[in-house]
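The values are calculated or read from the model by the stated rules, or taken from the named source; none is laboratory data. Remember, it's a predicted structure, so these values are computed and weren't measured experimentally. In this analysis, Cβ positions are derived from the backbone assuming ideal geometry, glycine residues included, and neighbour counts consider all displayed protein chains. Just the protein is used for accessible areas: all its heavy atoms, side chains included, with ligands, DNA and RNA removed. Shrake-Rupley method; radii C 1.70, N 1.55, O 1.52, S 1.80 Å.
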Amino acid sequence: PSFTEYTDALLAGLGTALSDPLLRRGTLRLRGPGLPVVHGGTYALTFVVEADDRKYALRCFHKELDALPLRYEAITRCLGRIRSPHFADCRFQPDGIRTESGRYPVVRMDWVDGPNLAAFVAEHRHDAKTLLELRFALRRLARHLRAKHVAHGDIQPSNLIVQDGLQLRLIDYDGLYVPGLAPLCSAELGQRNFQHPGRRARHFDEGIDAFPFALLDVALHALCIRPDLWELTGSGTDAFLLREPDFADPARSVVFAQLGDIPGLEQRVRNLAAI
């Protein structure tokens, strides 16, 4: 279904559109008369529902996702087992919403409040101590995921929420790798400005987050020394200093050259270019 079809169903009444007993008695968050708050994504539109004094993310799929029920069955089972503080509670509902064209699956997630990684870095880009602590928090998250044999599959600023105490929370689990999904291919390849240019659908294991975590670590290291690079490279949610064309040909990349000139960062930039 399209955004309009989902919106029409939800505005007609959550009690009739949704199967979830909790969300059915909730209220759809609006940003204006007849205009729901919605966040777009590769596969799903995320609406905000308030119920029992809590906020929930209602993810409605607007694009076909291969083996969707199988993926979310394995994902929710794994997340329930590992009980990681970096993930929000999520429930897959195969017949979660009824629109004019039929019933469709949804995912209900606890809402995660806080700025995304890009907003947090933009606000603190002149605070080297905070950026250093953020680097360490990201390293801990990367180690935690590998220890649990889990990979997010789309590590990028909009999927990383920074909460008090630099607690990092992950959202959007459509591309998650868990051991139960090992026979499948990647459902998505992630935001290209944070992914290895050689990544393909067949690359689907607990190591697929290694490149984006390395990229973020180098970028934050550089910003600790040269905060002006944030503006110079037009960084934000879509890119941290480097972009897909830089990965494709590091030797011709102006930004790779700039990073390689930063004292103390030379070898790390060479290593990133090499991989």
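Give just the number: which of (1) out of contact with any His (no Cβ under 9 Å at 6 or more places or on another chain); (2) in a loop (DSSP other than H, G, I, E, B); (3) not charged (D, E, K, R) does VAL218 not satisfy?
The failed condition is (2).
List pairs: first residue in the stretch 229-256 and in a loop (DSSP other than H, G, I, E, B), second residue open to solvent by less than 70 Å² (accessible area, probe 1.4 Å) and among the charged types (D, E, K, R) anywhere in the structure, Cβ distance under 7 angstrom, at least six positions apart or on different chains.
Once the first residue is in a loop (DSSP other than H, G, I, E, B) and sits in the stretch 229-256, its partners that are open to solvent by less than 70 Å² (accessible area, probe 1.4 Å) and among the charged types (D, E, K, R) give SER253/ASP246.
Between a first residue in the stretch 157-179 that is within 25 Å of LEU241 (Cα to Cα) and part of a strand (DSSP E or B) and a second residue that is open to solvent by less than 10 Å² (accessible area, probe 1.4 Å) and among the small types (Gly, Ala, Ser), which pairs have beta carbons less than 7 Å apart while being 6 or more apart in sequence or on different chains?
Within 7 Å, the pairs are LEU168/ALA137; ARG169/ALA88.
Which of the numbered conditions does PRO1 fail, given that it passes all the others? Conditions: (1) touching a Gly at 6+ places or on another chain (Cβ under 9 Å); (2) without any contact (Cβ under 8 Å) to a residue 60 or more places away in the chain; (3) more than 27 Å from LEU138 (Cα to Cα).
Single failed check for PRO1: (2).
Report, by residue number, each residue of the stretch 154-203 that is open to solvent by 10 Å² or more (accessible area, probe 1.4 Å), touching a helix residue (DSSP H, G or I) at 6+ places or on another chain (Cβ under 6 Å) and over 25 Å from PRO69 (Cβ atoms).
GLN156, LEU166, ARG192, ASN193, HIS196, PRO197
Kindly provide the set of residues from the stretch 257-275 that are part of a helix (DSSP H, G or I) and in contact (Cβ under 8 Å) with a residue 60 or more places away in the chain, ordered by number.
none
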